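Trainee: First the structure, then my questions, so here it is.
The values are calculated or read from the model by the stated rules, or taken from the named source; none is laboratory data. Being a predicted model, the structure only gives us computed values, none of them experimental. Cβ placement follows ideal geometry from the backbone for every residue including glycine, while neighbour counts extend to all protein chains displayed.
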Amino acid sequence: MREVGSPSLELFLLGRVNFLELRTLWPWSSFIMGSLTSRIFSGGRGGWCTARGAAVGKGERETYPRWSGSAADCCTGSREVGKRPLSFLPSLCSDRPESGLGFGGGGAEMGAPAATETLTRKANFLRESLKKSETVSKDMVSILGSFDHRLSALETAMRPTQVRTHAIRRAHENIDKTLKSADVILAQFDLSREAESKILKGPHEDLESYLEAVDQLRNNARFFSSNKSFKGSDGVLNHVNNLLSKAIIKLEEEFKQLLSTYSKPLEPDSLFECLPNSLRPSSETSGNQGDANGKTPSTTSHSEHSKASEAAIYKLPTLIPPRILPLLCDLAQQLVQAGHQQQCLIIYRECRVSVMEQTLRKLGVEKLSKDDVQKMQWEILEAKIGNWIHFMRIAVKLLFAGEKMVCDQIFDGVDSLRDQCFAEVTSNSLEMLLSFGDAIAKSKRSPEKLFVLLDMYEIMRELQSEIETIFEGKSCSEMRESVLSLTRQLAQTALDTFGDFEEAVEKDATKTAVLDGTVHPLTSYVINYVKFLFDYQSTLKQLFQEFDNGSESNAQLAKVTMRIMNALQTNLDGKSKQYRDPALTYIFLMNNIHYMVRSVRRSEAKDLLGDDWVQRHRRIVQQNANQYKRVAWGKVLQSLTIQASNSGSGGMGSDGGGAGAGPGMGSGSGVSRAIVKERFKSFNMQFEELHQRQSQWTVPDLELRESLKLSIAEVLLPAYRNFIKRFGPLIEASKNPEKYHKYTPEDLDQLLGEFFEGKAEPKR
């Protein structure tokens with residue numbers, strides 16, 4: 001391979017250019033240099049670059065210093081080149097045979113002079129292009145520098161104009177803000193004038209518009225209060241406040257007018273229509289609630305009341321028309337916002353208190369003292385207590401509940417005022433109702449009051465939860481306490497009366513004895529009393545649990561009932577001793593104890609007293625019956641015997657044995673006619689005396705009466721038949737036998753049937 005060393009090539013290489021530096025001079029220099037470089041350094045297989053690369057050495061590469069000169073320096077070669085100028089070419093040439101130049105490996109295609117000439121021509125063209133590019137760049141830099149100078153001058157000249165423009169813009173903004181503020185103020189003045197015209201007209205024609213005007217005045221007052229920097233705002237504010245004061249006074253008048261107009265006392269009939277059907281009074285007595293003889297729902301049986309109360313559905317009465325309540329609510333809200341809560345309370349109290357009290361008076365409620373109660377006859381007082389129970393239901397479930405609903409709607413959102421108004425309106429009415437109950441609880445105790453006391457206690461317990469709900473809040477705390485106090489007082493009085501009743505039964509000193517030996521009024525009274533007590537069984541258990549903590553209620557009730565029955569039996573034993581006839585004593589005891597046993601067996605008292613008590617007292621009844629037969633019929637049967645020694649201990653015992661002729665007298669031989677006549681005469685006289693007296697006696701129980709007659713006949717008639725059979729022939733043979741033999745066994749049986757019937761005269 002021949003080494004290239006042409007002087008022309010060397011001359012070109014001295015003017016080499018840093019291509020990377022040329023790219024930064026101008027945008028199009030990059031394009032020019034790129035195309036030239038592509039043409040210079042591209043070559044065919046075996047080109048010049050390959051040969052030069054081989055001369056440098058295989059794999060040898062050199063680095064070149066960065067070009068820092070101008071394009072002209074590159075072209076003229078005036079800048080000093082590095083130590084090895086010719087090393088530029090090998091690094092850019094490749095061994096590829098496709099080199100664009102004609103001087104390669106063997107040099108067969110083009111000779112060295114032609115390549116040098118071509119390269120020189122291209123280098124000259126490149127140098128001229130670079131000079132033109134540099135000239136254009138300088139011109140462009142000069143033009144740009146001129147632009148920068150002119151722009152600076154223009155900016156300096158425009159700065160005063162910009163300042164003036166900014167000032168003008170600020171002025172416009174201030175003017176806009178001022179105009180907007182003026183519009184707002186003027187709008188407030190317009191709204192104030194509109195509101196003032198509505199205020200001066202008053203609320204009667206259009207209450208809704210009037211309330212809107214009041215709200216608008218409040219808004220105006222807040223606006224001028226927060227914008228006192230405006231000239232004249234104080235005067236406008238004073239004017240608005242004066243208008244507001246006048247408006248609030250008119251609102252008070254309107255509030256009072258509406259309440260007075262639509263608050264009317266309710267008629268009793270309208271209240272009765274709100275009650276469940278089972279609790280409504282009958283039509284003939286609805287107009288006479290205070291009549292002691294009038295049958296109100298409270299005079300029905302206790303069990304009926306309990307069932308009626310359980311399924312009762314009440315409908316609240318209309319105290320104020322529903323369409324008026326929203327208007328009153330709006331008025332109350334305005335008064336509260338204006339700080340007139342106290343005036344609102346006074347107006348509401350004055351209008352509603354009298355209406356509530358008048359409604360209760362029309363219903364029949366009275367305020368009675370303890371002395372008033374003590375002076376009343378029991379029948380009248382009992383009727384009034386029954387009515388009071390009815391009135392309490394109506395007052396709590398209808399009137400007070402309805403008033404609570406009205407207060408809740410009118411004073412919605414103002415809890416303290418709502419509770420205070422409700423308390424003010426209902427306090428007097430509730431006190432009037434409770435005063436009667438308090439007078440009853442503190443009056444002189446008597447057994448007949450126990451059941452009405454229990455009724456009163458029950459209604460208070462029934463209404464307790466509703467009273468707690470209706471009379472909620474701090475304002476009603478005293479009223480709730482009054483209700484609880486009355487409930488406790490009624491309970492205590494009922495228990496004390498219960499204890500008094502037990503003592504009264506045992507110490508009853510009634511000296512009026514029942515002449516016919518029937519059931520004593522005390523017995524029926526006590527038994528009915530006990531039976532009624534079992535209608536109040538749940539109430540009594542509640543009382544025992546409340547006052548006797550730790551005691552089981554059923555056991556306590558059974559214990560008290562047992563004591564009452566024992567006290568009754570003790571009293572009956574004492575009363576039986578008032579009879580002169582011992583037979584009547586036993587009839588009296590038999591009747592009364594039998595009545596006790598039968599009543600207990602047919603009532604719930606059996607579950608508490610137990611079968612043992614029943615069986616024990618049945619035996620007592622039988623013992624008294626046997627004692628009666630022994631005492632009443634012993635002498636009669638004795639007259640049917642001839643030998644007293646054989647018949648003295650005979651008669652009617654518990655075994656039912658009879659008496660007849662003594663031993664050895666089977667045929668009547670050896671007995672004088674006079675003795676037989678005397679026996680017949682004695683029998684007739686004693687039997688007639690017994691018939692006369694005991695047919696006026698009474699055994700009220702049919703089963704017991706028939707059983708007693710049968711037991712007498714089973715002893716008397718066989719003994720009489722035996723006596724007639726043995727001694728009748730002696731009398732028949734004598735003069736006037738009918739005088740002695742007056743009755744046949746059939747006659748006696750018929751007359752026995754008249755015993756214990758309570759008749760005045762015996763049938764002959």
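Trainee: Kindly indicate the residue of the range 321-355 that is among the β-branched types (Val, Ile, Thr) and in contact with a Phe, Trp or Tyr (Cβ under 9 Å, 6 or more places away or on another chain) and also nearest to LEU244 (Cα to Cα) among those meeting that condition.
Mentor: VAL336
Trainee: On to the next question. In the range 446-472, which residues are among the basic types (Lys, Arg) and either surrounded by fewer than 19 Cβ atoms within 10 Å (Cβ to Cβ) or within 11 Å of GLN489 (Cα to Cα) (or both)?
Mentor: Passing the criteria: only ARG461.
Trainee: Same structure again: It is to be established whether one or more residues within the range 354-362 are more than 25 Å from GLY402 (Cβ to Cβ), of a type in the set (D, E, K, R) and surrounded by fewer than 21 Cβ atoms within 10 Å (Cβ to Cβ).
Mentor: Scanning the range 354-362 turns up no residue that is more than 25 Å from GLY402 (Cβ to Cβ), of a type in the set (D, E, K, R) and surrounded by fewer than 21 Cβ atoms within 10 Å (Cβ to Cβ).
Trainee: Just to check your reading of the model, which residue among TYR457, TYR525 is over 32 Å from the mean Cα position of the chain (by Cα) and of a type outside the set (A, V, I, L, M)?
Mentor: Exactly one of TYR457, TYR525 is over 32 Å from the mean Cα position of the chain (by Cα) and of a type outside the set (A, V, I, L, M), namely TYR525.
Trainee: Anything in the range 486-513 that is small (Gly, Ala, Ser) and not in a loop (DSSP other than H, G, I, E, B)? List them, or say none.
Mentor: ALA491, ALA494, GLY499, ALA504
Trainee: Determine whether LYS264 is loosely packed, with under 14 Cβ neighbours inside 10 Å and modelled with pLDDT of 85 or more. Steps first, please.
Mentor: Numbers: loosely packed, with under 14 Cβ neighbours inside 10 Å: yes; modelled with pLDDT of 85 or more: yes.
Yes.
Trainee: All but one of (1) on the phi < 0 side of the Ramachandran plot; (2) touching a strand residue (DSSP E or B) at 6+ places or on another chain (Cβ under 7 Å) hold for LEU430; state the number of the condition that does not hold.
Mentor: (2)
Trainee: Please state which one of VAL414, VAL406, VAL396, VAL373 is hydrophobic (A, V, I, L, M, F, W, C) and farther than 23 Å from GLU468 by Cβ.
Mentor: Result of the check over VAL414, VAL406, VAL396, VAL373: VAL373.
Trainee: From the residues in the range 606-631 that are touching a Phe, Trp or Tyr at 6+ places or on another chain (Cβ under 6 Å) and not aromatic (Phe, Trp, Tyr), which one is surrounded by the fewest Cβ atoms within 10 Å (Cβ to Cβ)?
Mentor: Residue satisfying both the conditions and the ranking: GLN627.
Trainee: Taking LEU453, is it within 22 Å of TYR525 (Cα to Cα), outside the structural domain of PHE532 (by TED's automatic domain parsing) and not in a loop (DSSP other than H, G, I, E, B)?
Mentor: Criteria met by LEU453.
For every residue, the table says whether it meets (1) in a loop (DSSP other than H, G, I, E, B); (2) over 30 Å from ARG598 (Cβ atoms); (3) modelled with pLDDT under 50.
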residue: TRP613; (1), (2), (3): no, no, no
residue: GLN622; (1), (2), (3): no, no, no
residue: ALA625; (1), (2), (3): no, no, no
residue: VAL636; (1), (2), (3): no, no, no
residue: ILE642; (1), (2), (3): yes, yes, no
residue: GLY648; (1), (2), (3): yes, yes, yes
residue: MET652; (1), (2), (3): yes, no, no
residue: PRO663; (1), (2), (3): yes, yes, yes
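Trainee: Restricting to the range 143-163, give me the number of residues that are surrounded by 10 or more Cβ atoms within 10 Å (Cβ to Cβ) and hydroxyl-bearing (Ser, Thr, Tyr).
Mentor: Here the count works out to 2.
Trainee: Give me the pairs, please: first residue somewhere in the range 371-385 and within 12 Å of MET456 (Cβ to Cβ), second residue anywhere and in a helix (DSSP H, G or I), beta-carbon distance under 6 Å, and either six or more positions apart or on two chains.
Mentor: ILE385/VAL452
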